[in-house]
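Read through the structure below, which is laid out as structure tokens, and then see the notes.
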Amino acid sequence: MDRMDEAVKYLEYYGYLKKTLGTRPEEEVKKAIEKFQTVVGLPVNGELDDATFQKMTKARCLRSDPAAMTDPAAPIVGRIARYRLKWNKRKLTYRIKNYTPDLPEEEVDDAVRRGLQVWSNVTPLVFEKTSAYSDIEMSFEKYGHGDEDPLDGPGGTLAHAFFPGPGIGGDVHFDDSETWTVRSFRGTNLFIVAAHELGHSLGLDHSDVRGSLMFPIYQGYTPNFKLHKDDIKRIQNLYGTDMFLVSWIVQDMVVQDTVVHLAGNPKTRTSQDATAAFFRKPKEGVRRFVVLS
């Protein structure tokens, strides 16, 4: 397979070109290359130059790129999915079904926990780890593993995830052919990939904003990671912000504690029983519960 054939296959796979059995017009391929160059921040010339082809060889997520979702000619299902698929509840369960041999289990647990916390820090979402069937099931897989999208071995696709929904919806599959690492520039950083894929699990598609977590091409380990404002805006469009975390939290907490009303005197209230460990950083100077009244 020559370089152009590889490029066309890539452009088909990631949504820039429709698959066809017949001869494809050169102008169609050129426009697809221009879209790809726009997404990845290269000079737009429609040519398969060295820089463009090199970008196509970079490690990345399996899901299609944003060009296919924002194209007015793209299927309506794709365009709706980018913005509207979401969970209809705020408390979600997750399970890690198996572990990579590359890391101790506790480091995998921590990387996933931090990946979830990226999103819970800016939304009302709460995540509970379970050992039983969960909303979000995560596993390390190789090649064909029972869904329609086989993994491809070392390099290339690092992982894939499914939009919210029943069954396989929300699940994440990491390619166990990669060398997974944490807090290291070597190998593939599990925290960054997990946070990205969990964005898909929550309903986000790829972003064409370079530097955002949901950009489709793997950016590597970032020591002092901060969620991009584009990611924050998009996830809050789906689930709202922290300020809407009101009596719903009170109902889910397990202890008897002081509830601080923004108007009126503090009262004591007993909540329903719950056993979840919630991934939410307490706000400095604010008591445990805040209820708008």
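Would you please name the residue that is nearest to the chain's Cα centre (by Cα), looking only at residues in the range 2-32 that are among the β-branched types (Val, Ile, Thr) and closer than 14 Å to ASP49 by Cα?
The first filter runs over the range 2-32 and keeps only residues among the β-branched types (Val, Ile, Thr), leaving 8, 20, 23, 29.
Next cut, closer than 14 Å to ASP49 by Cα only: 8, 29.
On the way: VAL8: 26, VAL29: 29 Å.
Per the criteria, the residue is VAL8.
Of all residues being touching a residue at least 60 places away in the same chain (Cβ under 8 Å) and not in a loop (DSSP other than H, G, I, E, B) in the range 175-188, which is farthest from GLU148 (Cα to Cα)? Just the residue, please.
Only one residue fits best here, namely THR181.
Scan the range 121-174 for residues that are in contact (Cβ under 8 Å) with a residue 40 or more places away in the chain, over 23 Å from MET214 (Cβ atoms) and not basic (Lys, Arg) and report the count.
Of the residues in that region, 1 qualify.
Pick from LEU238, LEU204: which is buried (at least 17 other Cβ atoms within 10 Å of the Cβ) and not in a helix (DSSP H, G or I)? If you could, list the steps in order and put the result at the bottom.
On the way: LEU238 fails: not in a helix (DSSP H, G or I).
Selected residue: LEU204, the only one of LEU238, LEU204 that is buried (at least 17 other Cβ atoms within 10 Å of the Cβ) and not in a helix (DSSP H, G or I).
With the checklist (1) out of contact with any strand residue (DSSP E or B) (no Cβ under 6 Å at 6 or more places or on another chain); (2) part of a strand (DSSP E or B); (3) hydrophobic (A, V, I, L, M, F, W, C) in hand, flag the one item MET138 doesn't pass.
Only one criterion is unmet by MET138, namely (1).
Return yes or no: is VAL8 aliphatic (A, V, I, L, M) and touching a residue at least 60 places away in the same chain (Cβ under 8 Å)?
no
Would you confirm, using the coordinates I've provided, whether GLY170 is crowded, with 22+ Cβ neighbours inside 10 Å, at positive phi and of a type outside the set (D, E, K, R)?
Working: crowded, with 22+ Cβ neighbours inside 10 Å: yes; at positive phi: yes; of a type outside the set (D, E, K, R): yes.
When the stated conditions are applied, GLY170 passes them.
Would you pick out the residues in the range 207-237 that are touching an Asp or Glu at 6+ places or on another chain (Cβ under 7 Å) and closer than 24 Å to ARG95 by Cα?
Restricting attention to the range 207-237, the residues satisfying the condition of being touching an Asp or Glu at 6+ places or on another chain (Cβ under 7 Å) are 207, 209, 212-214, 216.
LEU213, MET214, listed by residue number.
When you scan the range 243-252, how many residues do you find that are in contact with a Lys or Arg (Cβ under 8 Å, 6 or more places away or on another chain) and modelled with pLDDT of 50 or more?
Result for the range 243-252: 0.
Look at GLY155 and say whether it is small (Gly, Ala, Ser), assigned to a loop (DSSP other than H, G, I, E, B), buried (at least 23 other Cβ atoms within 10 Å of the Cβ) and not assigned by TED's automatic domain parsing to the domain that holds LYS9.
Values: small (Gly, Ala, Ser): yes; assigned to a loop (DSSP other than H, G, I, E, B): yes; buried (at least 23 other Cβ atoms within 10 Å of the Cβ): no; not assigned by TED's automatic domain parsing to the domain that holds LYS9: yes.
Spelling it out, it is not the case that GLY155 is small (Gly, Ala, Ser), assigned to a loop (DSSP other than H, G, I, E, B), buried (at least 23 other Cβ atoms within 10 Å of the Cβ) and not assigned by TED's automatic domain parsing to the domain that holds LYS9.
With in a loop (DSSP other than H, G, I, E, B), at pLDDT 90 or above and touching a Gly at 6+ places or on another chain (Cβ under 6 Å) as the only criterion, which of LYS86, LYS30 stands out? Talk me through it step by step, then tell me what you get.
Values: LYS30 fails: in a loop (DSSP other than H, G, I, E, B).
It is LYS86.
Go through (1) modelled with pLDDT under 95; (2) within 15 Å of the chain's Cα centre (by Cα) one by one and return the number of the condition PRO223 breaks.
(2)
Go through (1) out of contact with any strand residue (DSSP E or B) (no Cβ under 7 Å at 6 or more places or on another chain); (2) modelled with pLDDT of 50 or more; (3) of a type in the set (A, V, I, L, M) and name the single condition LEU198 misses.
Every listed condition holds for LEU198 apart from (1).
The values are calculated or read from the model by the stated rules, or taken from the named source; none is laboratory data. Quick caveat: nothing in here was measured; it's all calculated off a predicted structure. Glycine gets a Cβ as well: all are built from the backbone with ideal geometry, and neighbour counts include every protein chain shown.
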